[in-house]
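Below is one structure, written out as structure tokens; comments come after it.
Coordinate-derived values only; no laboratory data. Please read these numbers as outputs of a predicted model, since none were measured by experiment. For neighbour counting, all protein chains shown are included, and Cβ atoms are generated from backbone atoms with ideal geometry for every residue, glycine included.
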Amino acid sequence: TQKTVLITGCSSGIGLALAVKMARDEQKKFKVYATMRTLDKKEKLEKAAGSTLGKTLEIKKLDVCSEESIKLCVSSIPDRKIDIVVSNAGMGLIGPIECQTIEEMKTVMDTNFFGLVRLLKEILPDMKKRKSGHIVIISSVMGIQGILFNDIYAASKFAVEGFCESLAIQALKFRLQLSLIEPGPVITDFERKVFEDGMKMDLSAADEETADMFTNIYIKNYKQIFQVLGQSAEDIAEHAVTVILAENPPFRHQTNTLYTPVTTLKYADPNGDLPIDTFYKMVFQHDKIFSASLNFVKLLRWRSRKSFDLRKASQ
Ligand code: NAD
């Protein structure tokens, strides 16, 4: 039987790629409700959906910052039956906290964290009643490990992870599945928007040393990190589908094997100093080590691509 899927934030990036991938499933396993904050932005998705539009893919309006909007959308779905919900809508924020307003920070928390909470307040009771459902959350490796100048974004994703760790125990009792997908850098509008906002940022509220650190260390390396480590939205969609189709979906799934050594540092030291010292050294003490590690990663990436091509060729 066909499963209904509701995905948030489908006007671009990972949400769009996932909605289209699931709607295009050859066996038509999914009926996808691809939602977005405003329908003015639906053209890109309509184009990508092609012939699936109106069949296995339907576009609906849903703003994760409005309980009313979520209610309206969920109630418009036949029997309110959602088998799989993918909480994907989100936004980033970089820079020194002294240059950000509390309002900007609240918008990030409201979207990334309360957006998920609002969505589940509406959908979870139905899932519990039916004793079936899969809750999939696009979190981030920054839900496990903070990164310089991502204080508020990391906090919002940590909130998501803490919330889900608590909820997962209850979910198990109701035989519901809950999975956190944790991508590293992904090349989408997100990265472009965050970078552009970072470039435009008024740094006058920060001291010279902090402003210099942000501009000459963080911003300077930002693009390169995405170029070297970045995955595509389609890569993340593929990982999400694998998790969704798994017989026993994992609670956590990282999508980027090049990034796992970084998150592993956290589990390697119960005192928590190891990842912080490592990041510190990478960023401040050894600019050369930082570029050497990027080159090393480039090499790893080239080698894994090569062995992937070889494997494909031998099949
Ligand atoms: P994106 O900017 O292309 O997608 C985010 C989507 O969320 C956009 O379509 C945006 O319109 C939507 N959105 C924002 N506020 C909303 C609201 N109030 N209601 C409904 N939709 C709203 O970027 P993306 O990379 O595809 O991001 C998707 C998710 O992936 C986010 O949760 C993000 O935190 C996470 N993520 C991204 C990266 C990355 O590097 N791009 C890495 C790890 C995790």
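Listing for the model above:
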{"item": "Unique residue being within 15 Å of the ligand (Cβ to nearest atom) and in contact with a strand residue (DSSP E or B) (Cβ under 6 Å, 6 or more places away or on another chain) when the list is ILE82, ILE94, ILE135", "result": "ILE135"}
{"item": "Answer from THR111, THR107 - the residue that is within 16 Å of the ligand (Cβ to nearest atom), among the polar types (S, T, N, Q), crowded, with 18+ Cβ neighbours inside 10 Å and more than 22 Å from ALA23 (Cα to Cα)", "result": "THR111"}
{"item": "Residue that is basic (Lys, Arg) and more than 13 Å from the ligand (Cβ to nearest atom), where the choices are LYS29, LYS41", "result": "LYS29"}
{"item": "Long-range neighbours under 7 Å by Cβ, at least six apart or interchain, first residue closer than 18 Å to VAL86 by Cβ within segment 34-48, second more than 9 Å from the ligand (Cβ to nearest atom) and part of a helix (DSSP H, G or I)", "result": "ALA34/ALA19; ALA34/LEU45; THR35/CYS73; LEU45/ALA19; ALA48/VAL20"}
{"item": "From the options ASP202, ASP212, residue that is in a loop (DSSP other than H, G, I, E, B) and away from the ligand (no atom under 12 Å from the Cβ)", "result": "ASP202"}
{"item": "Residue check for GLU68: assigned to a strand (DSSP E or B), surrounded by fewer than 23 Cβ atoms within 10 Å (Cβ to Cβ) and out of contact with any Asp or Glu (no Cβ under 9 Å at 6 or more places or on another chain)", "result": "no"}
